[in-house]
Amino acid sequence: MFKEFDSYRVVYGSFRGTMEGRPDIETSRFYSSIECLKAKLTVAVIHFQDSAKINLNYYDPDQDLMVIYFHISSFYDIINILQNEKPLAVGLNADLVGYINTIGEPIGKQEQSH
């Protein structure tokens, strides 16, 4: 599955939680998500988690929605792609590997060889 998107919304926050593997120790946990939209309709949600084990990606056919998970350490890489590359698409392959990629991006001034 592969869908283009033309805008996005970002949520980035923290909450009280417990240390992974140590439910007796409280700590701050981080949460972020990016909602990918095409013509104002959500086509995918990318969640970022700060745990060692990341949830599995999946497709929700009832909402025609891809849900993709990355480790929180990938957040700024993804934001950089969103801010600097166009056009973009989000995808989920048959093995449920999620990705963001460019679609036939023309060579720009910064990317041309001299």
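The numbers here are math on the coordinates, done by the rules we state, and not lab data. Since this is a predicted model, take the numbers as computed values, not measurements. Heads up, the Cβs are rebuilt from the backbone with ideal geometry, glycines too, and the neighbour counts pull from every protein chain shown.
For the reader, a short list of remarks on this structure follows.
- Note on the stretch 2-111: dipole from Cβ charges, positive end direction compared against Ser14, Ile103, Ile68; the farthest Cα belongs to Ser14.
- Amide H contacts of Val43 (H built 1.01 Å from N, under 5 Å, at least 5 apart or other chain): Cys36, Leu37, Lys38
- For the stretch 1-48 and the stretch 74-89, distance of Cα centres in Å: 15 Å
- Extension gain, His71-Leu37: 0.36 nm per intervening residue step, less the Cα-Cα distance, totals 10.1 nm.
- Of the trypsin sites (Lys or Arg not before Pro) in the stretch 1-81, the ones in a loop by DSSP (not H, G, I, E or B) with at most 16 other beta carbons within 10 Å are Lys40, Lys53.
- For the stretch 1-79, the list of GluC sites (Glu not before Pro) that fall in a loop by DSSP and count at most 11 other C-beta atoms within 10 angstrom is empty.
- In the set (1) 21, 16, 15; (2) 35, 17, 9; (3) 29, 18, 13, the label that goes with semi-axes √(5λ) of the Cα gyration tensor in Å computed for this structure is (3).
- Near Asp50, the amide H atoms lying under 5 Å from its own belong to Phe30, Ile72; only residues 5 or more places off or on other chains count, and H is placed 1.01 Å from N.
- With contacts taken as Cα pairs under 8 Å at a separation of at least 6 residues, the stretch 2-111 carries a relative contact order of 22 percent.
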